[in-house]
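Some notes on the structure that comes next.
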Amino acid sequence: MSGVENRRKPSKLFVRWAVFMVGLVIMSFGISMMIKADLGSAPWDVLHIGLTLQLGLTVGSWSIIMGFLIIGATSFLTKEWPQLGAFINMVLVGVFIDIFLWILPAPEGFVLKLAMLLLGILIIGYGIGLYIAPKLGAGPRDSLMLALTLRTGWKVQWVRSSMEVIVLTAGWLLGGPVFIGTLLFCFGIGSVVGFTMPQCQRMVDILIERGSKNENFNQGTLRTHHHDGVS
């Protein structure tokens, strides 16, 4: 293997991890915006907030704790060690949720709250697209969903819907915020991610290809539309 090829691989890996990290930070920002809007949160955040109200600790701390439990359950079901990306996802999202909740001001009035809520959902969509595009491993909850799908033989949508209903019910019973934002997230995030993910995938592929072209002068012209697509 040539020296140029040796240098190119670390560069591609750096780009993928950098985009992955940025995606997690952006997603955490969107989650925090939804929580601050105080019009209802996503099902898992309803649970985290409910646990905070009943047992103390921060919302981000409960996100990390639940992430550990979910990773443990997934490893038990699959008999495999989780990917590094799942651990990083779990820790960074929890940490940055707490940071952004501390920084972000609470909006006043329904219009500002609704605007913050909708913008938060859109930002979450771009965050999800960016952290998934580098293909460095699914987050803890997505990993559990896939493991349960393989174990039960159910369709992905049924497994995911069942998980969300159970988590949302538990969070609501603990006093977590269930309102219009919860409904908008549940019924809208799929469409938002369907819109944002192809854009993020194209951007990541272009970044990787550009780095490869700059480092290998013997390589031919790369097409900007040459990518694997979103499975």
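The values are calculated or read from the model by the stated rules, or taken from the named source; none is laboratory data. Being a predicted model, the structure only gives us computed values, none of them experimental. So basically every Cβ, Gly included, is an ideal-geometry build from the backbone, and we count neighbours across all protein chains shown. Only protein heavy atoms, including side chains, enter the accessible area calculation; ligands, DNA and RNA are left aside. Shrake-Rupley method; radii C 1.70, N 1.55, O 1.52, S 1.80 Å.
Whenever a residue of the stretch 10-27 is free of Cβ contacts under 8 Å to residues at least 40 places away in the same chain, it has no partner that is crowded, with 17+ Cβ neighbours inside 10 Å lying with C-beta atoms less than 6 angstrom away and at least six residues away or across chains.
Among the conditions (1) surrounded by 13 or more Cβ atoms within 10 Å (Cβ to Cβ); (2) farther than 30 Å from F14 by Cβ; (3) basic (K, R), the only one that K155 does not satisfy is (1). Residue count for the stretch 158-187 under the criterion of being outside any helix (DSSP H, G or I) and open to solvent by 60 Å² or more (accessible area, probe 1.4 Å): the result is 2.
Could you say which residue among F96, F110, F179 is touching a Phe, Trp or Tyr at 6+ places or on another chain (Cβ under 9 Å) and of a type in the set (F, W, Y)?
Details: F110 fails: touching a Phe, Trp or Tyr at 6+ places or on another chain (Cβ under 9 Å); F179 fails: touching a Phe, Trp or Tyr at 6+ places or on another chain (Cβ under 9 Å).
None of the others qualify; the one that does is F96.
Checked against the criteria, V111 does not count as in a helix (DSSP H, G or I) and closer than 29 Å to D205 by Cα. Could you tell me whether the stretch 78-95 includes any residue that is part of a helix (DSSP H, G or I), open to solvent by 40 Å² or more (accessible area, probe 1.4 Å) and of a type in the set (D, E, K, R)? No, because not a single residue in the stretch 78-95 is part of a helix (DSSP H, G or I), open to solvent by 40 Å² or more (accessible area, probe 1.4 Å) and of a type in the set (D, E, K, R). Residue pairs whose Cβ atoms lie under 6 Å apart, separated by 6 or more positions or on different chains, with the first residue in the stretch 131-146 and assigned to a loop (DSSP other than H, G, I, E, B) and modelled with pLDDT under 80 and the second open to solvent by less than 20 Å² (accessible area, probe 1.4 Å) and of a type in the set (G, A, S), are G137/G85; G137/A86.
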